[in-house]
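Trainee: First the structure, then my questions, so here it is.
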Amino acid sequence: MPSSNHITSDPEILNGKPVITGTRISVELILTRLGEGRSVDDIVREYPHLSKEQVMAAIEFARSMVAKSPLAAE
């Protein structure tokens with residue numbers, strides 16, 4: 001499922017940071033947890049209201065943002 005179905009941004013929630021739809025869990029938090037060495041399954045266990053699909057959508061969202069970055073073309 002495309003990340004756009006799972007990721008939203010609302011200026012009233014976390015100052016507009018991209019979050020998992022219906023939560024206050026940001027894409028940034030997901031990436032931080034991954035950077036700390038947690039697996040997708042670890043994150044789902046830590047945040048049981050999230051699905052593996054939602055976590056994967058956050059990763060895909062971040063990947064797509066990096067791919068669109070002007071630095072990616074260098």
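What follows is calculated from the coordinates using simple rules that are stated; it is not laboratory data. None of these values were measured; they are calculated from a predicted model. Here the Cβ is made from the backbone with ideal geometry for all residues, glycine too, and neighbour counts use every protein chain on show.
Trainee: Determine whether region 36-47 contains at least one residue that is outside any strand (DSSP E or B) and touching a Phe, Trp or Tyr at 6+ places or on another chain (Cβ under 7 Å).
Mentor: Checked against the condition, which is being outside any strand (DSSP E or B) and touching a Phe, Trp or Tyr at 6+ places or on another chain (Cβ under 7 Å), region 36-47 yields no hits at all.
Trainee: Take region 27-68 and flag every residue that is of a type outside the set (A, V, I, L, M, F, W, C), surrounded by 14 or more Cβ atoms within 10 Å (Cβ to Cβ) and touching a Lys or Arg at 6+ places or on another chain (Cβ under 8 Å).
Mentor: 28, 42
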